[in-house]
1. Contour minus end-to-end for Trp74 and Tyr124, with contour as 0.36 nm per residue of separation and end-to-end as the Cα-Cα distance?
2. Mean-square fluctuation check for the chain, GNM, Cα pairs under 10 Å: which of Phe102, Phe72, Phe64 is largest?
3. Sort 14-23, 33-42, 77-86 for me by packing, meaning the mean count of neighbouring Cβ atoms within 10 Å per residue, highest on top.
4. Roughly speaking, to the nearest percent, how much of the chain's 1.4 Å accessible area is carbon and sulfur?
5. Taking the solvent-accessible surface of protein heavy atoms with a 1.4 Å probe, what is the per residue accessible area of segment 76-133 in Å²?
6. In the P(r) worked out for the chain, what percent of Cα pairs fall beyond 22 Å?
7. Taking the Cα centre of each part, how many Å lie between segment 88-116 and segment 13-66?
8. Need one word for segment 20-94: rounded, prolate or oblate. Basis is the Cα gyration tensor (sqrt eigenvalues a ≥ b ≥ c); a/c below 1.5 gives rounded, then a/b vs b/c decides.
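The values are calculated or read from the model by the stated rules, or taken from the named source; none is laboratory data. Everything numeric here is computed off the predicted structure, so don't read it as measured data. Cβ coordinates were reconstructed from backbone atoms using ideal geometry, including for glycine residues, and neighbour counts include every protein chain displayed. All accessible areas refer to the heavy atoms of the entire protein, side chains included, with ligands and DNA or RNA removed. Shrake-Rupley method; radii C 1.70, N 1.55, O 1.52, S 1.80 Å.
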Amino acid sequence: MLKILVGLVLVGHGLGHSMGILQTLRVATVNPQWHGDSWILSGAGPTVTQTVGVFLWSIALIGFALAAAVIFGWLPESYFAALAVAASVASLAGIVFFPIAFPTISTLGALAIDIVTLAAVIWYQWEPSDLAV
């Protein structure tokens, strides 16, 4: 049961990054206060800023979805650490580059999941096989 819960949290977190992609491409409005700008990339222009946002959120979306697939047993466990770290770092970079892209509660939730994931994988060397079936 815990394995399913962890997998669902990771895939849900990954899918949540699609909101940033949809807002960047102007398909949906997630946070009306954000207009696609980045405080770090302020002089780079909208095309570069949008490309960076879509890239980071795509890496996070795909990485967390694939990490969840490892937990569910659909991919080899040896992939987990690299996927989880890459997805978490991309998600954190998205938060740093675009801190108001999402509502505050979503940003704080994403930050928590990213930090917990990195701590589990890097400091505790956690692997999906550590969870009971």
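1. Separation in residues times 0.36 nm, less the Cα-Cα distance, equals 15.7 nm.
2. Phe72
3. Peptide ranking by packing, descending: 14-23, 77-86, 33-42.
4. 74 percent
5. Computed with neighbouring chains in place, this is 55 Å² per residue.
6. Values: 3081 of 8778 pairs.
Every Cα pair in the chain considered, those over 22 Å come to 35 percent.
7. That distance is 11 Å.
8. Details: a/c = 3.40, a/b = 2.20, b/c = 1.55.
Note, shape of segment 20-94 comes out prolate.
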